[in-house]
Amino acid sequence: MWDFVSGEILAFDKPLHWTSFDVVAKVRYNLCRLLKTKKLKVGHTGTLDPLATGVVIICTGRKTKMIESLQYDVKEYIATLQLGATTPSYDLEKEVDKTYPTAHITRELIEQTIPLFLGEQWQVPPVFSAVQINGKRAYEFARKGEKVELRPKLLKIDEIEVLAFDHEKMQLTIRVVCSKGTYIRALARDIGERLDSGAHLIALRRTRVGSTKIEDCITIDDFLKQLNEENTRSNEVR
């Protein structure tokens with residue numbers, strides 16, 4: 001039996017096009033209805049882009065105090081990159097703005113290039129990101145067409161490997177294990193540059209946060225179903 005006030009740590013498989021806050025809002029709304037309360041602390045331990053799916057950790061009640069420490073857990077991603085083209089957002093949020101030659105890109109070149117991203121890296125975050133500049137989010141400036149300069153941040157990539165390369169489509173799939181604050185969209189940009197071409201992200205799935213794997217996660221629909229069953233059992237007992 002759950003105790004959402006004392007606190008629970010819940011692992012969700014975030015759907016495509018949902019923000020991390022959408023997950024928080026959905027969970028909070030349904031828990032408040034179940035508990036017949038207007039307020040309940042609910043928060044997530046790390047943002048996942050709307051165009052990504054996978055592990056999002058939600059804390060409730062008193063366990064929201066653990067959010068800050070849980071944010072430092074390593075993350076694992078499976079990412080698919082489209083080589084030879086870039087977008088302003090480094091993913092599919094914006095349309096392609098430039099194309100680049102790809103005739104020189106081979107599996108061998110990719111296998112030589114990918115290991116260069118192991119270890120500590122300085123990474124410039126995407127302008128379409130939630131990084132704060134003078135009290136505003138970077139994306140607020142970017143969506144107005146205003147230029148912003150973001151400072152590079154130090155991060156660490158513990159593991160990175162090639163999972164697949166479709167030479168005909170010029171699509172590369174990689175697995176990445178990295179530290180807090182790593183933008184896989186920005187990594188896609190940097191890989192494209194290292195390959196003397198361009199690249200942007202076309203698919204992203206977060207498969208692990210700390211020791212929580214995607215197999216440990218529950219969907220929003222299944223969670224709501226379990227809540228309804230729990231509510232029904234409680235009413236029957238009364």
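All of the numbers you see were taken from the coordinates with simple rules; none came from a lab. Everything numeric here is computed off the predicted structure, so don't read it as measured data. Note that we place each Cβ from the backbone using ideal geometry, even for glycine, and neighbour counts take in every protein chain shown.
Computed from Cα positions, the angle between helix 184-194 and the longest principal axis of the chain comes to roughly 10 degrees. Which option, (i) 29.4, 118; (ii) 20.0, 71; (iii) 19.0, 62, is the value of Rg and Dmax of the Cα atoms in Å that was calculated from these coordinates? The listed entry that was calculated here is (ii). Residue 68 to residue 159: FRET efficiency via 1/(1 + (r/R0)^6), r the Cβ-Cβ distance, R0 25 Å, to the nearest 0.05? The pair residue 68/residue 159 has a calculated efficiency of 0.50. Full extension of the chain between residue 147 and residue 99 yields a length gain of 15.1 nm, computed as 0.36 nm times the residue separation minus the alpha carbon distance.
Taking every DSSP helix (H) stretch of at least 4 residues in the chain, weighting each as -39,500 (n - 2.57) and dividing the sum by the residue count yields a mean residue ellipticity at 222 nm of -7500 deg cm²/dmol. Hey, quick one: spin label on residue 9, modelled 7 Å out along Cα-Cβ, who in segment 49-75 has an amide N within reach, i.e. under 20 Å? Only 54-75 fall inside the zone, counting backbone N under 20 Å. As I understand it, the value is the acute angle between the Cα axis of helix 220-237 and the longest principal axis of the Cα atoms of the chain; what does it come to in degrees, rounded to 10? It works out to around 10 degrees.
Taking the chain as the reference, fit the longest principal axis to its C-alpha atoms, fit the long axis of helix 20-35 to the helix C-alpha atoms, and give the angle between the two in degrees, 0 to 90, nearest 10. Once rounded, one gets 10 degrees. Separation of segment 1-40 from segment 173-192 is 29 Å, based on Cα centroids. Gain on full extension, evaluated as 0.36 nm per residue between residue 113 and residue 36 minus their Cα-Cα distance, stands at 22.2 nm.
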